[in-house]
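Read-outs throughout are calculated quantities, based only on the coordinates presented, and are distinct from any laboratory measurement. Computed from a prediction, not measured in an experiment: that's the story for all the values here. Counting neighbours? That spans all protein chains shown, and the Cβs are built from the backbone with ideal geometry, glycine included.
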Amino acid sequence: MKLLKGSVVRAEAGRDGGGYFVIVEADEKYCLIADGKTRKLASPKRKNIKHIRVTNSMIDVNDITDKKLRNMLKQFSEAE
């Protein structure tokens, strides 16, 4: 599974399970995710890639604010 910066993912395990996040950075085993609310872009959460599910959506995270990120991710939560 290739994780790219800006991919929208859903957390499947942990305290943040069920929430939508965007990948800020990724490597082979872990990725850093942010949602703009509990996890800001300045301090993303480290998450095991086994505990996330990738959606088919991308967000451009270059020059984005936490507020814009929250509003973009809100659309995914409402779609459920």
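Things to note:
- Residues of the range 36-74 classified as surrounded by fewer than 17 Cβ atoms within 10 Å (Cβ to Cβ), in a strand (DSSP E or B) and in contact (Cβ under 8 Å) with a residue 40 or more places away in the chain, total: 5
- Residues satisfying the stated conditions in the range 1-35, i.e. part of a loop (DSSP other than H, G, I, E, B), of a type outside the set (Asp, Glu) and either surrounded by fewer than 15 Cβ atoms within 10 Å (Cβ to Cβ) or under 9 Å from the mean Cα position of the chain (by Cα) (or both): Met1, Lys2, Leu4, Gly6, Ala13, Gly14, Arg15, Gly17, Gly18, Gly19, Lys29
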